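The values are calculated or read from the model by the stated rules, or taken from the named source; none is laboratory data. The shown structure was predicted, so the numbers you read here are calculated from the model rather than taken from an experiment. Neighbour counts are summed over all protein chains in view; Cβ atoms, including those assigned to glycine, are modelled from backbone coordinates with ideal geometry.
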Amino acid sequence: MPAKKKETPEEVYINNNLPIIYVDAINTSHRTDGFNYLSFATSTPYRLVEQVRLMIEDESLRTIIDDICQTINYFPKKPSKKERGPSK
C-alpha cells in the first residue's frame, strides 16, 4: 500500500480576531508518542507569565524550525559528542 500523501490546503484562513502576543521564553518537552509540548511565556518584573501551550507532531515542528532558521538566516550545528560530554 503506498504511503498516504499529506495534503496541504490551498488557502489558509487568517483569523484576525486572534490577539498578537509577545513572548520571550519557551519551555519544551518531547513525548515518546511523537508529540512535543511547547509553552510560551512572557517575562515580567515579578514572574514569568505563560501565554500559550501547544502540542505539535515531530514532523510539523521540524518544518517550523526549518522555516524559522531560514527566515532569520541562522543554522545551528549539532555539537559533537566531545562538546556534549559523556552523559548526553
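The residues in the range 50-66 that are aliphatic (A, V, I, L, M) and under 19 Å from Pro76 (Cα atoms) can be counted, and the count is 3. Restricting the range 30-39 to residues that are farther than 15 Å from Ile65 by Cα and out of contact with any helix residue (DSSP H, G or I) (no Cβ under 6 Å at 6 or more places or on another chain), the residue that is surrounded by the most Cβ atoms within 10 Å (Cβ to Cβ) is Ser39. Output yes when any residue across the range 66-74 is without any contact (Cβ under 8 Å) to a residue 24 or more places away in the chain and either touching a strand residue (DSSP E or B) at 6+ places or on another chain (Cβ under 9 Å) or among the aliphatic types (A, V, I, L, M) (or both), and no when none is. Yes, because at least one residue in the range 66-74 is without any contact (Cβ under 8 Å) to a residue 24 or more places away in the chain and either touching a strand residue (DSSP E or B) at 6+ places or on another chain (Cβ under 9 Å) or among the aliphatic types (A, V, I, L, M) (or both). In the range 37-52, the residues that are over 18 Å from Leu18 (Cβ atoms) reach residues that are at pLDDT 95 or above and outside any strand (DSSP E or B) with C-beta atoms within less than 6 angstrom, at least six apart or across chains, in these pairs: Ser43/Asp24.
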